[in-house]
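To start, the structure under review is shown below, and the notes come after it.
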Amino acid sequence: MTPEQDPALPISTKKTLCRICTANCPILVDVDEKGRPVAARGDKSNPHSEGFFCLKGKHYPDIHTADSRLRHSLVRGDDGVHAPIEAERAMDEVAARLGAILDEHGRESVAVYMGTLFYQLPQTASVATAWMDALRLRLRFSSGTIDQPGKQTAAAAHGLWLAGSYVFDESDTWMLIGTNPLVAISGGVPHANPARRLKRAQDRGLQLIVIDPRRTETARHAAIHLQPRPGSDPAVLAGLIREIIHAGLVDEAFVREHVDGFETLRVAVEPYTPERVAERADVEPDALVRAAHVFARAKKGAATAGTGANMSGWSNVTEYLVLCLNTICGHYRREGDRVANPGVLTTRRTFPAQAMAPYPVDGFGKPLVSRPDLPPAVCGLPTSALADEILHPESRIKALVTIGGNPMRAWPDPKRTRRALEALELHVCVEPRLTDTARLADYVLAPKLPLETPGCSLSTENLFTVSPALGYTERYGQYAPAVAEPPEGSDLREDWQYFYGLAKRMGLSLDVGAGVFPIMGCPTPRSLLDMQHEPTSDEILDLVTKDAWIPLERLRRDPERVLFEDEPAVFVTRAAPLAAARLDVGSALMLDELRDFAGGDRFAREGYDYRLISRRMPNTFNSVGTDIDALTKRYGTNPAFMHPDDLAALDLERGDLVRLRSPHGELEAVAWPDPDLRRGLVSMCHCWGADPEDEADARKTGANTGLLISVEEDCARFSGIPLMSALPVHIAPA
Ligand SMILES: Nc1nc2c(c(=O)[nH]1)N[C@H]1C(S)=C(S)[C@@H](COP(=O)(O)OP(=O)(O)OC[C@H]3O[C@@H](n4cnc5c(=O)[nH]c(N)nc54)[C@H](O)[C@@H]3O)O[C@H]1N2
Ligand SMILES: Nc1nc2c(c(=O)[nH]1)N[C@H]1C(S)=C(S)[C@@H](COP(=O)(O)OP(=O)(O)OC[C@H]3O[C@@H](n4cnc5c(=O)[nH]c(N)nc54)[C@H](O)[C@@H]3O)O[C@H]1N2
Ligand code: SF4
Ligand SMILES: [Mo]
């Protein structure tokens, strides 16, 4: 797929950063004389990443030059066939049609879905959000509520420690629950070469604890690996907390001074004796006790959960118990501690040793008509309900704008998703490929890709707001100009330019905020865009890094300089006088869920003896790369990984087709042995498969696990995240 490299054309090598995933690896890209990217590799001169990158990054140029990449925007004709349309004309038509729909049906007639790429591109996130704000659009959905939505609900119920947590590089212990950072390159171990960082940390004594039903690439390195039944995390976490309390390992001074609800928590976890946890989760009682002692005795450390822990039915309480665990151990930075990385491109702020009080979990306006049971909450509107909301007879949604996401692959229940997308009056997709989703869109606005635009490490830095295990552990920042030209003869715009262009045509003025994710307790600097003279992409980046620790201009002037360790050190300051806010470990809203959990495994279904669990594969990123041969070579598909003894019991061999059936749907997949799984599990990666209207071929296109997921039953409170892991399935040879 790489364009024929003409040996006559000189190659130049440019420094930039990969923007496929949140690792944002610094890479070197070879660009030919025509500006085409032809090869990429890790940047060994970068002192933070030390050359780390992955196969997806290696093929980043292919993603830019693939034949399947759109060179023009598309409009769907009355015959359903897409035809190219000039970008300016596409914006004229989309602005006119959205304007007409909004005029006739009001601001609830247009919904927006923001996928993973939305957040990875700071210019896109800021300008598109400003556009939504200017139109006062309320119906905003994101991939966040089908990812780790318990993080936001739990943080709201618990409150925040404003000085933050210790980072991995300075910690003595680290606990990972349902996350596999050595493959996801996210979520738990610093992403700049996680394996090497983990090794270094262990060499200086860090004790890694992993809680995962699979002996993952990460779990293999753990000092303690608890391999519980999926969906039993609340038991394990409650058991850990109980043991810490019984062993007298609670940081009593911290709790006395800063924490409410301790007695409520103590009573709630009291039933979770090691024996009782062993029963529910099937983990060794001794290992549980050891994990509790290692975690609580460490001076510095943190526990963090990932997608597995959020998709298996108990997202809110699981994330809440993770916060409680950190809090009762007092695993937070204290007055006088040096802040390992105060920031580079995020907004300047202080780090006082004090709590920010809990804030509302729900009560954010009226619920969706299709889901009165899910009051809009702090995690955002439930994406699992968006298809039903579009299809509901009383729904006002007429139009959907999808930005950097792929609903047909990513949303649970692709059949329903398809019906919903077809029912729309107008579907606009900002998307560089003709994905299953884009195929159903009325307009596909084709963007330039990241190598063709300036970029910086802001999105990744800003992730510290999501979990103490995310963001940079060092004072690191990178800027890169555009390094490649868009394909010859193409007519593309940067993502954000489409929103600027729509705003201009709709007579809106745009007010952009700094950062990509808001920083709690720190006001967001804002700037009005000049709506007469279109700003440059670099000017947008300056605005989204307004009032940053280090002005972006400094990174631009000296691109070699990426570490800022010699900047004045930042320390945790004394709490403000009269600061009275306290963290809450006794939230009734969250602990109610533990009571519900105690009632037994309410997801079990008779006749469905296996559990499907989620996982990520190294060479694809959600749906990205599933159409690039070099990235799918290893398995050719997303196999159904199972324990070899389970395969043998079903008389199956590697490569055989199996049929998975859930109470909701079924699919065919390619069986693959994985001795690292518990028995009774099948572990599959998401975002594969084809349009459900087309003939599925498990060996070629893979299978969309969303077919097995119900968006009606077993959805979590607040976020509506369905049971996407620990899902009961029946398995038989196909
Ligand atoms: N069954 C099941 N379902 C899941 C999950 C699971 O574990 N199991 N995981 C869930 C999770 S965690 C997530 S985050 C979601 C992912 O949900 P989505 O974000 O909806 O899916 P992606 O495939 O990441 O979509 C990214 C899209 O952005 C496009 N893109 C690439 N570069 C650019 C660019 O520069 N500009 C624009 N505008 N677009 C670009 C890609 O082509 C791709 O289509 O899936 C969720 N769905
Ligand atoms: N290579 C690659 N990297 C990616 C992505 C990708 O698709 N490919 N996707 C990106 C995205 S969108 C995200 S959100 C992050 C996610 O990053 P992670 O959250 O680290 O995702 P996974 O690697 O799937 O790890 C989830 C783990 O949870 C375990 N698990 C499943 N069910 C349970 C359970 O009930 N309890 C417990 N304790 N564990 C369970 C699984 O076995 C698996 O090892 O990764 C990002 N990085
Ligand atoms: S896809 Fe690979 S190279 Fe690109 S940022 Fe992620 S880990 Fe790094
Ligand atoms: Mo995700």
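Assess whether ALA96 counts as being away from ligand 3 (no atom under 16 Å from the Cβ) and either under 12 Å from VAL430 (Cα atoms) or among the polar types (S, T, N, Q) (or both). So ALA96 fails the test.
Evaluation of GLY343 against the conditions (1) assigned to a loop (DSSP other than H, G, I, E, B); (2) farther than 30 Å from GLN478 by Cβ shows that the sole unmet condition is (2). Mind checking whether some residue in the range 355-377 is assigned to a strand (DSSP E or B), touching a strand residue (DSSP E or B) at 6+ places or on another chain (Cβ under 8 Å) and within 16 Å of ligand 4 (Cβ to nearest atom)? No, the range 355-377 contains no residue that is assigned to a strand (DSSP E or B), touching a strand residue (DSSP E or B) at 6+ places or on another chain (Cβ under 8 Å) and within 16 Å of ligand 4 (Cβ to nearest atom). Of everything listed in (1) more than 30 Å from ARG679 (Cβ to Cβ); (2) within 16 Å of ligand 4 (Cβ to nearest atom), the single unmet condition for ASN180 is (1). For the range 579-626, filtering for residues that are of a type in the set (Gly, Ala, Ser), over 30 Å from GLU279 (Cβ atoms) and in contact (Cβ under 8 Å) with a residue 60 or more places away in the chain leaves 4.
Please state which one of SER710, SER725 is in a loop (DSSP other than H, G, I, E, B), of a type in the set (S, T, N, Q) and surrounded by fewer than 20 Cβ atoms within 10 Å (Cβ to Cβ). Of SER710, SER725, the one residue that is in a loop (DSSP other than H, G, I, E, B), of a type in the set (S, T, N, Q) and surrounded by fewer than 20 Cβ atoms within 10 Å (Cβ to Cβ) is SER710. Restricting attention to the range 47-78, the residues being under 21 Å from ALA480 (Cβ atoms), away from ligand 2 (no atom under 16 Å from the Cβ), surrounded by fewer than 23 Cβ atoms within 10 Å (Cβ to Cβ) and not charged (D, E, K, R) number 4. Scoring GLY702 on the criteria (1) within 19 Å of ASN638 (Cβ to Cβ); (2) surrounded by fewer than 19 Cβ atoms within 10 Å (Cβ to Cβ); (3) not basic (Lys, Arg) leaves a single failure, condition (2).
Among the residues of the range 39-75, the ones that are within 14 Å of ligand 1 (Cβ to nearest atom), assigned to a loop (DSSP other than H, G, I, E, B) and of a type in the set (S, T, N, Q) come to 1 in all. Residues satisfying the criterion are absent from the range 510-530 (criterion: surrounded by 14 or more Cβ atoms within 10 Å (Cβ to Cβ) and over 28 Å from GLY343 (Cβ atoms)). Condition check: within 16 Å of ligand 4 (Cβ to nearest atom) and in a helix (DSSP H, G or I). Does PHE141 satisfy that? Spelling it out, it is not the case that PHE141 is within 16 Å of ligand 4 (Cβ to nearest atom) and in a helix (DSSP H, G or I).
If you go through the range 121-137 and keep only what is surrounded by fewer than 23 Cβ atoms within 10 Å (Cβ to Cβ) and within 16 Å of ligand 2 (Cβ to nearest atom), you end up with nothing.
Whether a residue is part of a loop (DSSP other than H, G, I, E, B), surrounded by fewer than 17 Cβ atoms within 10 Å (Cβ to Cβ) and either touching a residue at least 40 places away in the same chain (Cβ under 8 Å) or in contact with a helix residue (DSSP H, G or I) (Cβ under 9 Å, 6 or more places away or on another chain) (or both) was assessed, and GLU695 does not pass this test. Looking across the range 368-404, the residues that are over 26 Å from VAL430 (Cβ atoms) and either buried (at least 17 other Cβ atoms within 10 Å of the Cβ) or within 20 Å of the chain's Cα centre (by Cα) (or both) come down to ARG371, LEU374, ALA377, VAL378.
The set of residues in the range 673-714 being within 16 Å of ligand 2 (Cβ to nearest atom) and among the hydrophobic types (A, V, I, L, M, F, W, C) consists of LEU677, LEU681, VAL682, MET684, CYS685, CYS687, TRP688, ALA703, LEU708, ILE709. Contact map, the range 660-683: residues that are within 18 Å of ALA649 (Cα to Cα) and among the β-branched types (Val, Ile, Thr) paired with residues that are assigned to a strand (DSSP E or B) and at pLDDT 95 or above, Cβ distance under 6 Å, separation 6+ or inter-chain. Pairs shown: VAL682/TYR610; VAL682/LEU612; VAL682/ALA640; VAL682/MET642.
Of the residues making up the range 148-165, those that are surrounded by 23 or more Cβ atoms within 10 Å (Cβ to Cβ) and either in a loop (DSSP other than H, G, I, E, B) or among the aromatic types (Phe, Trp, Tyr) (or both) number 5.
Restricting attention to the range 597-650, the residues being in contact with a Pro (Cβ under 7 Å, 6 or more places away or on another chain), more than 14 Å from ligand 2 (Cβ to nearest atom) and either at positive phi or assigned to a loop (DSSP other than H, G, I, E, B) (or both) number 3.
The values are calculated or read from the model by the stated rules, or taken from the named source; none is laboratory data. Here the structure is a predicted model, which means the values were calculated and not measured. Cβ: placed from backbone, ideal geometry, glycine included. Neighbour counts: every protein chain shown.
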